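Notes for the one structure printed next.
The values are calculated or read from the model by the stated rules, or taken from the named source; none is laboratory data. Predicted, not measured: the structure shown is a model, and the values here were computed from it. Positions of Cβ are backbone-derived with ideal geometry, glycine not excepted, and every protein chain shown enters the neighbour counts.
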Amino acid sequence: MTNNLPKATASDGKKKGYKRHFSNYLLDKSLQLRYIGFVTILSLIISGSLGYLIYRHENHASQRLLEQIESLKKPPRNDKEIQYTEDSVGPIRKSAIEGNKRRDRKLVLTMLGVGVGLIVVLSLYLLIMTHKVAGPLYKVTMYFDKMRAQRLGDTWPLRKGDMLKDFYDDFKHTHDAIRERHQADNEAIGKFLEACEAAGVSREGELGHRLDELETHHTERDEALS
Amino acid sequence: MGGPKNKGYKRSWKNLLLNKRYQLRFTLFMVIMSGVLMAALGWWVMSAAAESTSIGVDAIRDKRECVPPPKPYQDMQPTKSGIDLNTNELDHRKKQTEPGGKIDEVKVDMKIMPPKRKIPGADDKKADKKAGDKKPDDKKADDKKAGDKKAGDKKAGDKKADDTKSGDKTADDKKADDTKSGDKTADGDKANSPDGDKADDDDESGFDNGDIADDEAYRKWKASRKSQDVKVVLDVKVHPDFAKKAIAFYACRLERAQAIAGVRGGQTTILLALIAVGLFLMLGLTLYGLKMTHRVAGPLFKVQLYFAKMRDEKYDKVWNLRKHDQLVEFYEHFKGAHEGVVKMQQADIDQLKEIIEVADKHELASKSPELAATLEELKQILARKEASLDQ
C-alpha cells in the first residue's frame, strides 16, 4: 500500500467531493496486478491458441486451394475435363496466392487487433474492478495508520460502487466501539479530575504531579478521540 | 489452534468461500469472460474448420475421381421352337444391344400371318384387309388395328409376345398359356370376325361353305399355333477387365469415402476438443478463482475475527498470516493499528494505576463522596483494561 496519496478531504472547508484519478487506480499493486495479470494472460492463452487454430485452418484451406489449382495442369482424365497449360494456370495461381496472402494477412491483423483490444479493454476493466476492492482496503489502511498513532477520529462511509462493504462496516463498528469506550473512560477521568478540584485537593507534591500528568493524558486523549 | 496438539491450521475446502460477494464476483467474471471468449473464438475456429473441410472434401473428390467399370451389356439372341423366326415375322421391337439394358425392356412382337384362305363371296381385297394381310414391320398399324379389331390372328401373336415378355414362366407354363390364349383367340375370332363367325358356324353345323383345302390349311395353321414356342435368350457379355475394374472402382470409392470421413471427422474432433477444453477451463478457473480470491478473503476474514475481539475489548496477540496469503502489507497495517490500540490501553492502565495508587496513599476517597465514587469508577476501568490485555 502506498501512502503518498491525497488525504481524505473530510476536514476541508469546501467539500468538492472526491474524484477518482486515473493515477490513483493502482492502489494495491500486488493485489491488482496479480489479478489483472492472471486474467489477461489467461485471455491471451485462449485467444492465442484458438487464433492459431483459426490461422492453421485458413492456411490449410489456402494450401488445398493451391493444390487444386496445380492439379489443373495434369492431363485430363476424361473427355469432360480440359487440359490447362502453364500459361493459363499461371495467372490463376498467382491471383490465388496473392488472394491467400492478403486473406492470411488480414486474418492475422484482425486477430492481433482483437487480441490487443481485448487486452487493453480487459486490463482497464479489471483495473477499475480491482480498484473497487483496493479502494476500501486503502481507506481502512489509512485508518489503521491513525490507530497506530493512537488517534481514533471519525470514520467516513465508502464511496458508491466500492466493494468489501461488509468488511468496511465491520471495521467501522469496531473503530467506533473502541472510540466510544475510550471516550467514556476519558470522561470518567475528567470527572475524577473535576471532583479533585471540587474537593480542593492540593496540586503540590507527588499527588499534584500525578494529577497534572493525568490531566495532560486526559487532554491528549480528548484530542485523539475528536 | 487451541488443542493440546497443535498440528497447524489446514485450509479446508468448506471454508474456501469466506467472502461470497467478493469471491464469486471475481471468479464469475473470470469464468464468464473465458466462456464468452472461448465461445466466440470457438465459433470462428469452427467456421474456418468448416471452410477448410469443404475445400478438403472438394480436393479429395477432385483428386480421387473413381473410374467406373465398363457396364455389362446384353445381347438378345432370339431362337425359335417350331417356327422359323427369320422368315416368320418375328419383330424385335427393341433389340437390346446397348450396354446396361435390362431384360424387362426387351419386347418381342410376333406377327404370324395365317395362310390365305378364300372365303366364298368375299373379294380378295376385302379378305386381305380383314385377315390382316400386313407387312410384318408395320408395327404401328398393327397396334392400332389390334385395338380396333379386338380379335384376329394378330391378337394371338400379341398374346404370345406378351407371354414371352413375362420371361419368368417356364416353358410348360408358357405352352399352357399359349394354348389357352390360342383357344381364347379362336373364340374371339368366332365372336368378332366375319370369317370367324363363319368358321364357327361351320364347326357347329358341320356344313362347310368354303374351300376345303383352305380350311385344311387354316386348321393346320391353328394347330401349329398351339405348339409354337418362342424363347428369347439374353446373352450377357461382360468386358474382360470388368471384375478388376469394378474392384478398383469400389476400392477407390471406399478410400475416397474414408478420406472424406477423415476430413469431416477432424472437424468433429475440433468441436469436441473445443467443448471439452472450454468446460475444463471453466471448471478449472472456478476452482482456481475461488482459491485465488480466498487468499485475499482469508486475511480479511482473519482481520474481522480480531475486529470482533477488539469490539469486546479483548486484545489478543495478533498472529501472522498463513503462507501464500495475500494482503500481507494490509495485515501489517492492521497489526500496527492493533498495537496502537493496545498502547492506548496500556497508557490508560499506567495512568490509572499511578493515580489510584497516589489517591489511596493520600486517602482522597475520604475527602468527598463524589471523589470516592469517581475513584471507584477509575478502579473498575483499570480492572477492565487490565483484563483486556491478560488474554
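Within the stretch B:35-43, can one find any residue that is modelled with pLDDT of 85 or more, over 20 Å from B:Arg256 (Cα atoms), more than 26 Å from the chain's Cα centre (by Cα) and more than 7 Å from chain A (Cβ to nearest Cβ)? Yes, that holds for at least one residue.
Number of residues in the stretch B:50-84 that are modelled with pLDDT under 55 and of a type in the set (S, T, N, Q) equals 4. Against the definition (in contact with a Leu (Cβ under 9 Å, 6 or more places away or on another chain), under 25 Å from B:Ala39 (Cα atoms) and modelled with pLDDT under 90), how does B:Gly265 come out, yes or no? Taking the combined requirement at face value, the residue does not satisfy it.
Among the residues of the stretch A:1-47, the ones that are at pLDDT below 50, polar (S, T, N, Q) and either touching a Gly at 6+ places or on another chain (Cβ under 6 Å) or surrounded by fewer than 12 Cβ atoms within 10 Å (Cβ to Cβ) (or both) come to 3 in all. In the set (1) in contact (Cβ under 8 Å) with a residue 40 or more places away in the chain; (2) under 30 Å from B:Gln304 (Cα atoms); (3) hydrophobic (A, V, I, L, M, F, W, C), the condition left unmet by A:Phe171 is number (1). Checked against the criterion of being within 12 Å of chain B (Cβ to nearest Cβ), closer than 20 Å to A:Leu26 by Cβ, among the aliphatic types (A, V, I, L, M) and part of a loop (DSSP other than H, G, I, E, B), the stretch A:119-135 has no qualifying residue.
Selection over the stretch B:226-262 of residues that are modelled with pLDDT under 85 and hydroxyl-bearing (Ser, Thr, Tyr) gives a count of 1.
One line per residue, one yes/no per condition, for (1) touching a helix residue (DSSP H, G or I) at 6+ places or on another chain (Cβ under 6 Å); (2) crowded, with 19+ Cβ neighbours inside 10 Å; (3) within 25 Å of B:Ile32 (Cα to Cα); (4) at pLDDT 90 or above:
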site: A:Ser123; (1), (2), (3), (4): yes, no, yes, no
site: A:Leu126; (1), (2), (3), (4): yes, yes, yes, no
site: A:Val133; (1), (2), (3), (4): no, yes, yes, no
site: A:Asp145; (1), (2), (3), (4): no, no, no, yes
site: A:Arg148; (1), (2), (3), (4): yes, no, no, yes
site: A:Arg159; (1), (2), (3), (4): no, no, no, no
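Say whether the condition of being hydrophobic (A, V, I, L, M, F, W, C) and either modelled with pLDDT of 80 or more or surrounded by 11 or more Cβ atoms within 10 Å (Cβ to Cβ) (or both) is met by at least one residue in the stretch A:74-83. No.
For A:Leu26, the conditions (1) in contact (Cβ under 8 Å) with a residue 40 or more places away in the chain; (2) within 12 Å of chain B (Cβ to nearest Cβ) all hold with the exception of (2). Within the stretch B:297-326, residues that are within 8 Å of chain A (Cβ to nearest Cβ) and farther than 15 Å from A:His173 by Cα sit with their Cβ atoms under 8 Å from residues that are of a type in the set (A, V, I, L, M) and part of a helix (DSSP H, G or I), at 6+ positions apart or across chains, in these pairs: B:Gln326/A:Leu31; B:Gln326/B:Val296.
Of all residues in the stretch A:154-187, those satisfying the criterion of being more than 9 Å from chain B (Cβ to nearest Cβ) and farther than 27 Å from B:Val296 by Cβ are A:Asp154, A:Arg179, A:Glu180, A:Gln183, A:Glu187. Out of B:Leu364, B:Leu389, B:Leu287, one residue alone is of a type outside the set (Ser, Thr, Tyr), surrounded by fewer than 19 Cβ atoms within 10 Å (Cβ to Cβ), at pLDDT below 90 and under 29 Å from A:Ala184 (Cα atoms). It is B:Leu389. With respect to B:His338, is the statement that it is touching a helix residue (DSSP H, G or I) at 6+ places or on another chain (Cβ under 7 Å), more than 7 Å from chain A (Cβ to nearest Cβ) and of a type outside the set (Asp, Glu) true? In short, yes. Residues in the stretch A:104-145 that are in contact with a Ser or Thr (Cβ under 7 Å, 6 or more places away or on another chain) and free of Cβ contacts under 8 Å to residues at least 60 places away in the same chain: 2 in all. Taking the condition of being basic (Lys, Arg) and assigned to a loop (DSSP other than H, G, I, E, B), how many residues in the stretch B:298-341 meet it? Number of matching residues: 4.
State the number of residues belonging to the stretch A:48-73 that are of a type in the set (Lys, Arg) and either surrounded by fewer than 12 Cβ atoms within 10 Å (Cβ to Cβ) or modelled with pLDDT of 75 or more (or both). Total satisfying the criteria: 2.
Of all residues in the stretch B:365-391, those that are within 13 Å of A:Ala199 (Cα to Cα) have Cβ atoms under 8 Å from Cβ atoms of residues that are basic (Lys, Arg) and in a helix (DSSP H, G or I), 6 or more apart or on another chain, in B:Thr374/A:Lys191. Here is the figure for the stretch A:52-71: residues that are closer than 26 Å to B:Leu285 by Cα and either within 7 Å of another protein chain (Cβ to nearest Cβ) or of a type in the set (D, E, K, R) (or both) total 2. You will find that of A:Leu207, A:Leu211, the residue that is modelled with pLDDT under 90, within 9 Å of chain B (Cβ to nearest Cβ) and assigned to a helix (DSSP H, G or I) is A:Leu207 and no other. Considering only the stretch A:188-203, state which residues are in a loop (DSSP other than H, G, I, E, B) and either at pLDDT 90 or above or within 7 Å of chain B (Cβ to nearest Cβ) (or both). Residue satisfying the conditions is A:Val201 alone.
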